[in-house]
Amino acid sequence: MEDFYKQLEYPSEPFILSSKAKKIKQVLLNNGAKRIKKNFAVLGGSTTHDIVKILDLFLLFNGIEANFYECEYNKYYEDVMFNDENLKAFKPDLIWFHTSYRNLINVPDIKDSVDDVKQKLQVEYEKFLKMWRKSFETFGCTVIQNNFEQPCYRLMGNKDVSDCHGLLNFISELNMKFYNFAQNNDNFYINDLNFVASNYGLEKWHNLSAWYMYKYCCDLDAIPRLAYNVNLIIKSIYGKNKKGFVLDLDNTLWGGIVGDDGVDNLEIGQETATSQAYSEFQLYLKKLKSLGVILNINSKNDESNAIAGLNHPDSVLKPDDFISIKANWNPKSQNMLEIANELSLGLDSLVFVDDNPAEREIVKQNIKDACVVEISQVEEYIKEIDKHGYFEISTLSKDDLSKNDMYRSNVERKKLESVCENYDEYLKSLDMKAEIKPFSDLYMQRIAQLTNKSNQFNLTTRRYSKSEIEQISSSKDNICLYGKLQDKFGDNGVVSVVIGKKDKADLHIDLFLMSCRVLKRGMEFAMLDELVRIAKAQGISNIIGYYYKTQKNNMVKDLFKEFGFTLKEAKGEDTIWTLNIENYVNKQSIIILEN
């Protein structure tokens, strides 16, 4: 099955995925992985069956078990706007409107005036606008909408793209309206069908036989690419992105071997075609870093040579761009483990990039969860990495933009911990201050991110989209708290989330999680203290906690015991705990709670 798993990363072989889909799905379902379960409605303006079949595989591979609803052919508008009972009963968590340029009805005619064309454009846009708003109002769900690909012909030739009567011009204008809506509305995402089609090749994409015979808007062999692109959006929404790179140096970030060739002879800069390719790759990584992707080095080198290479005058990346630099002669799998430990990240959060296939294989063989990208020639590095969509952006918060600074501060905290005589002394020296308050619109994106990304310190591993978090927060039946933590090294941002559901005198903890960045600093006790205070004020007598075992959250299996809860029930490794809060005494006094 290993070859099948390879097909679930970019690029895929259409025949293998299609012919072996049932077998691959069965293996994925039986692999013992803990998965998020969600309802996804696919409302298509063309045939969707085979697209859904392949999308299902990609999502399973990324830990998302989808239950799918498909509308009848080209009934996407009717199902949403006319309150289809089957769709309402399905209760979608996400709706994907899979439409293409073939679903446009009010298109320009050469006899139309400029105002006529503008009117047609508005009519088409408002049709979609009504569907999106109705989806939000009826289901409170996330919406994914295709943009429109370029058609298979240009009636006016090159002028089709600039004249108001041209279909290409019309599609461009309509796409811009879609993008403007996406920029101003949360829980709405564009599936860039136009890019997928163009990248595949428009002549191949527009397989007219596939349209006339089966009503597929694309070539059948393009289905995996289309499904994969939608999968990237969904896995990003539900927190399945990677968090950073672990990068080799020699012949990966520059051409040549710094220890043998010397710094002056490295290929980097603008002198040759090859050196330009390495410079552009470094620039690509630098831009990803600005989006919150963390960079680390794992190189077989003397550290002094590695630093000298990064300080090359033409190097885009400098030593300060990296959180952890492991330049030594240890096995790279060992360095990977140490980097993950320093960053308090799971190994499956990091992408290993090395030009040497032997080193890639060693890491794969020794680290089960390692993500190892296959690269070939430096000219192809960016495309080979980018198409995997490891860091697909669904939301971009202030915390994301400052993530590198946060991880760098964590390294400084660990250095301080190593010189303090005892742990309490270390905690006091951090001068920690916390803000613990009810959910705020300002932090909804970050709260949703945490619910989907936090795996280790997460008692129930509930997963929520931003729209679901907003609904939970607005209900008076819930107590919802976020926690921010800062210390003398910097602001960690929102690092903890608690959701409790009230039931008369009981409060059931639906979610209790914390970012691994702030482990063992007492923040969990500060969150509990504040939760108890608010619960008492609302007439709650008992708090009931739940621990659901996953592959990654073993570290919190005894958390409720540490909190002073009493074990009520155990089913295997899943447990239920209770705490009477009448005589509760606060658990922590080191963190100062700010108003």
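Can you give me the long-range amide H partners of Thr461? Hydrogens built in the peptide plane at 1.01 Å from N, cutoff under 5 Å, separation of 5 or more residues or another chain.
Result for Thr461 returns Phe512.
What's the longest piece of the chain with no exposed trypsin sites (Lys or Arg not before Pro), counting a site as exposed if DSSP puts it in a loop and it has at most 10 other beta carbons within 10 Å?
112-367
For Met81 and Ala505, what is the calculated FRET efficiency with R₀ set at 41 Å and r taken between the beta-carbons, to the nearest 0.05?
0.40
Mind grabbing the base-10 log of I(q)/I(0) for the range 549-595 at q = 0.15 Å⁻¹? Debye formula, identical points on the C-alpha positions, no solvent, two decimal places.
Log-scaled intensity ratios, in q order: -0.55.
Cα-based Rg (one decimal) and Dmax (whole number) for the range 101-176, in Å?
14.0, 43
Using θ = phi - 60° and the Karplus form 6.51 cos²θ - 1.76 cosθ + 1.60, what ³J(HN,Hα) does each residue of the range 58-66 get, whole Hz, x for Gly and Pro?
4, 5, 4, 4, 9, x, 10, 9, 9
Probe radius 1.4 Å, ligands and nucleic acids left out: which of Ser275, Ser198 has the largest accessible area, and how do the rest follow?
So, going from the largest accessible area down, we get Ser198, Ser275.
Between Rg and the Kirkwood Rh of the range 332-445, both from Cα atoms, what is the Rg to Rh ratio?
Radius of gyration relative to Kirkwood radius: 1.07.
Report, to the nearest whole %, how much of the accessible area of the chain belongs to carbon and sulfur atoms, 1.4 Å probe, protein only.
47
Any chance you could check the Cα centroid distance between the range 68-134 and the range 386-415 for me, in angstrom?
37
Per residue and in Å³, how big is the convex hull formed by the alpha-carbon atoms of the range 130-227?
129
Hey, what's the chain come to in accessible area per residue, 1.4 Å probe, Å²?
Per-residue accessible area for the chain comes out at 45 Å².
Rounded if a/c is under 1.5, else prolate if a/b beats b/c, else oblate: with a ≥ b ≥ c from the C-alpha gyration tensor eigenvalues square-rooted, which is the range 213-261?
oblate
Calculate the dipole size of the chain relative to its Cα centre from +1 charges on Lys and Arg beta carbons and -1 charges on Asp and Glu beta carbons; express the result in debye to the nearest 20.
Once rounded to the nearest 20, the dipole reads 2140 debye.
Identify the residues of the range 24-45 with backbone N under 18 Å of a label point that sits 7 angstrom from the Cα of Glu72 along the Cα-to-Cβ direction, or state none.
Once the point is set 7 Å along Cα→Cβ of Glu72, 42-45 turn out to lie under 18 Å by backbone N, inside the range 24-45.
On average over all directions, what projected area in square nanometres does the range 261-390 have, based on the convex hull of its Cα atoms?
Seen from a random direction, the Cα hull of the range 261-390 projects 7.8 nm² on average.
From the convex hull of the Cα coordinates of the range 361-514, what is the mean projected area in square nanometres?
13.2
Any idea what Rg and Dmax come out to for the range 474-562 if you just take the C-alpha atoms, in Å?
13.7, 43
Any number yet on Rg/Rh for the range 148-298, C-alpha, Kirkwood?
That ratio is 1.10, to two decimals.
The values are calculated or read from the model by the stated rules, or taken from the named source; none is laboratory data. Computed from a prediction, not measured in an experiment: that's the story for all the values here. So basically every Cβ, Gly included, is an ideal-geometry build from the backbone, and we count neighbours across all protein chains shown. SASA here: full protein model, heavy atoms, side chains in, ligands and nucleic acids out. Shrake-Rupley method; radii C 1.70, N 1.55, O 1.52, S 1.80 Å.
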